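Visitor: Got a structure here, written out as structure tokens. Questions coming.
Readers should treat all values here as calculations from the given coordinates under stated rules, not as data from a laboratory. The shown structure was predicted, so the numbers you read here are calculated from the model rather than taken from an experiment. Because the Cβ atoms are built from the backbone with ideal geometry, glycine has one as well, and the counts that use them run over all protein chains shown.
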Amino acid sequence: MATIEEVVTHLNASRYVTMAGLTMLLYDHCLTFADEVEYIWKAGWKIPKILFLFLRYVVPTSLMISTFQMSGLTGIISDKYCQVWLGLSVSIGLICIYMANFLVLLHLWNICERKKLLVFGSLGVYVAAFTANVICLALAVSHLPYNTTYSTVFRICIMQDKKLLPMLWAPGLALDVVALPTVIYNALERPRDVRTEFRSQIFRDGVLFFAILFTLRLTNVLLAIYAPISLLYLGVYFIWASTTMTVTRMLLRLRRLQVENALRQYELEIQMQDELSYGSNSSENGSSRTSHQKQASFS
């Protein structure tokens, strides 16, 4: 049983880590805003763009509300508020993570030339993990009214029981366990001579993303299982911010690589057309000079 001093230390650590995650996310947003305008806003309104912008702006807004709620500056709030906000924030967090996974899968399917086995296999695992997570989320949220209250002593929403928390992260962890080897296998399967710099970079980014996401989710699971209840918030919001920052940076990088690759291909085509045009003009000029020489010799 933790002492009052330990609980205060744990809660303060959770507050500081959460604020650090929010600060990191907002700072990264400022750094990458120019790329967002260039490569996202100028693109057509399609599902990937909508999902990206949802992640880009809903997550920071949710984290700001959560950080303020955890700061102790809100005054006394009701138990009902704690129950509703915890359930809502966890739901938004899981939805955002699966949105991020889906966006990355879309890019990987394109790079792998939409192989049916890969697409249907990874989509099946994705749907299974998402369904399992929705069921676990429903169970966890249904128990919030019984074990979630507002502590007037610590000025924060607290939970009395954390038995169901590991269930929230386990399905997503299983998805990463399947996705990471799949990405690595598809990268190594291709002959070296067809692995262009563009494709190789995409695969490296995909491997890095799933490796980071796997590490973050594993940390959440371990904290949910082994850490005391007073450390409940230590990794949740920081990992949410880190996951969002990782996926938005990756998607912006992928988009920039795609635009640069398309521009490079266009420049090569223009160069080839110019060379063909120059060669055609040279041959015509050469044949014209030969004709004039023949006419001069006959005269």
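Visitor: Rounded to two decimals, what is Rg over Rh for the range 1-116 when you use alpha-carbon atoms and the Kirkwood radius?
Guide: The Rg/Rh ratio comes out at 1.09.
Visitor: I've got another one for you. Checking the table LYS49/LYS80; LYS115/LYS162; LYS80/LYS163; LYS116/LYS163; LYS46/LYS115; LYS46/LYS80 against a 32 Å threshold on Cα-Cα, which pairs fail?
Guide: LYS49/LYS80; LYS115/LYS162; LYS116/LYS163; LYS46/LYS80
Visitor: Hey, another quick one. Run the quick spin-label model on SER277 and ILE135: label points 7 Å from Cα toward the beta carbon, then report their separation in nm to one decimal.
Guide: Once both label points are built, they end up 6.4 nm from each other.
Visitor: Quick one: which of 247-254, 235-242, 38-45 comes out on top by average Cβ neighbours within 10 Å, and what's the full order, highest first?
Guide: Highest-to-lowest ranking by the protection proxy: 235-242, 247-254, 38-45.
Visitor: Based on the Kirkwood radius over alpha-carbon pairs, what value in µm²/s does the Stokes-Einstein equation return for the translational diffusion coefficient of the range 4-276 at 20 °C and 1.002 mPa s?
Guide: Rounded, D is 105 µm²/s.
Visitor: Here's a follow-up. Gap in Å between the Cα centre of the range 148-176 and the Cα centre of the range 6-76?
Guide: 20
Visitor: Then there's this: Say R0 is 41 Å: what FRET efficiency, to the nearest 0.05, do ASN147 and VAL119 get from their beta-carbon distance?
Guide: 0.50
Visitor: Continuing with the same structure: Given a cut-off of under 8 Å on Cα pairs at least six residues apart, what relative contact order in percent is computed for the range 4-276?
Guide: The normalised contact order for the range 4-276 reaches 33 percent.
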